[in-house]
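Down below is the structure, laid out as structure tokens.
The values are calculated or read from the model by the stated rules, or taken from the named source; none is laboratory data. Computed from a predicted model, the values in this text were never measured in an experiment. Methodologically, a virtual Cβ is constructed for each residue, glycine included, from the backbone with ideal geometry; neighbour enumeration extends over all protein chains shown.
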Amino acid sequence: MMMRMRHGIVLATALLASSVLAGCGSSSNSGPSASASASGSVSTSPTASSSGVPLTPGGTKLSLGAPATVSWSPKQKVTGTVRITVTQLQSTTYKQTFSGWKLDPQTTSRAPYFVRAKVTNLSNRNLGGYAVPLYGLDSADDLVEASTFASTFAPCQPGVLPKRFAKGATASVCLVVLVPNKGKLLGVSYRPSDQAEPITWSGSVKPYTAATPKKPGKAGKKHKTG
């Protein structure tokens, strides 16, 4: 079955702290191409990493909150092993979370979602600064690439791993997925290359709720002296 690749939106910061749409394009050099296909000759995923860590087989279908251990090469000559857990799928609206952003009709024709995940580095490689190759799976059975931001997007950050991400480190990431034609997000796919059989997560999509600011603690009572 042919699976198409939907590219994410690249959002850039403009003057006066407003943001405008810069255009479409791939934000990942290691993910599937625009013609990502499963043409019947998909390579079998390895069962163990180079360090001997057992890997989750390609084609595995997981529920939200279940971990997958995968071999990952974010760039040439850099290969590591990570444990990925997709924890939440959240729906949102432009009015709720994109206040202050100037968006064109191409962007607003898409339905916005947040994908939250945890990543743990199981290898001796520093894997910091890279975007994990997770893609949205929409109701049209297409892969949807996460959108990128040239500035901080408070409701859903960070989109990449910390610059220093050594063995044993765990980080939370959040990806913004804008599903074309106001479609629905059905799940998430880990597919680092065209030849890899994907590992997928699915589960309930819940509405995004902004974190409630913590109230300052009550000051202790002052006692009179003397």
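Reported count of residues in the range 146-165, each being surrounded by fewer than 21 Cβ atoms within 10 Å (Cβ to Cβ) and under 12 Å from G129 (Cβ atoms), is 6. Specify the residue that is farthest from the chain's Cα centre (by Cα); the eligible residues are those in the range 164-177 that are assigned to a strand (DSSP E or B) and not hydrophobic (A, V, I, L, M, F, W, C). Per the criteria, the residue is T170. Filtering the range 131-141 to residues that are farther than 16 Å from L89 by Cβ and surrounded by 18 or more Cβ atoms within 10 Å (Cβ to Cβ) leaves A131, P133. Is it fair to say L161 is among the hydrophobic types (A, V, I, L, M, F, W, C), out of contact with any Ser or Thr (no Cβ under 6 Å at 6 or more places or on another chain) and part of a loop (DSSP other than H, G, I, E, B)? For L161, the condition - among the hydrophobic types (A, V, I, L, M, F, W, C), out of contact with any Ser or Thr (no Cβ under 6 Å at 6 or more places or on another chain) and part of a loop (DSSP other than H, G, I, E, B) - is met.
This table checks each residue for (1) among the polar types (S, T, N, Q); (2) modelled with pLDDT of 95 or more; (3) within 29 Å of S204 (Cα to Cα).
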residue: A38; (1), (2), (3): no, no, yes
residue: S50; (1), (2), (3): yes, no, no
residue: P54; (1), (2), (3): no, no, yes
residue: K77; (1), (2), (3): no, no, no
residue: T93; (1), (2), (3): yes, yes, yes
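Here the range 78-125 is the region considered, the condition is being basic (K, R) and surrounded by fewer than 16 Cβ atoms within 10 Å (Cβ to Cβ), and the residue that is nearest to I199 (Cα to Cα) is K118. Scanning the range 49-93 for residues that are under 22 Å from P162 (Cα atoms), basic (K, R) and outside any loop (DSSP other than H, G, I, E, B) gives K75, R83. Of all residues in the range 186-208, which are part of a strand (DSSP E or B) and under 26 Å from S71 (Cβ atoms)? Answer for the range 186-208, where residues must be part of a strand (DSSP E or B) and under 26 Å from S71 (Cβ atoms): L186, G187, V188, S189, Y190, A196, I199, T200, W201, S202. Among the residues of the range 101-133, which ones are in contact (Cβ under 8 Å) with a residue 60 or more places away in the chain, assigned to a loop (DSSP other than H, G, I, E, B) and touching a strand residue (DSSP E or B) at 6+ places or on another chain (Cβ under 7 Å)? Answer for the range 101-133, where residues must be in contact (Cβ under 8 Å) with a residue 60 or more places away in the chain, assigned to a loop (DSSP other than H, G, I, E, B) and touching a strand residue (DSSP E or B) at 6+ places or on another chain (Cβ under 7 Å): K102, L103, D104, R110, L122, S123, V132, P133.
Listed by first and then second residue, the pairs linking a residue in the range 81-99 that is within 12 Å of P112 (Cβ to Cβ) to a residue that is among the polar types (S, T, N, Q) and outside any loop (DSSP other than H, G, I, E, B), with Cβ atoms under 8 Å apart and 6 or more places separating them unless they lie on different chains, are Y94/T108. Return the residue satisfying two criteria in turn: it lies in the range 186-213 and is modelled with pLDDT under 80 and among the small types (G, A, S), and of such residues it is nearest to V176 (Cα to Cα). This residue is A211.
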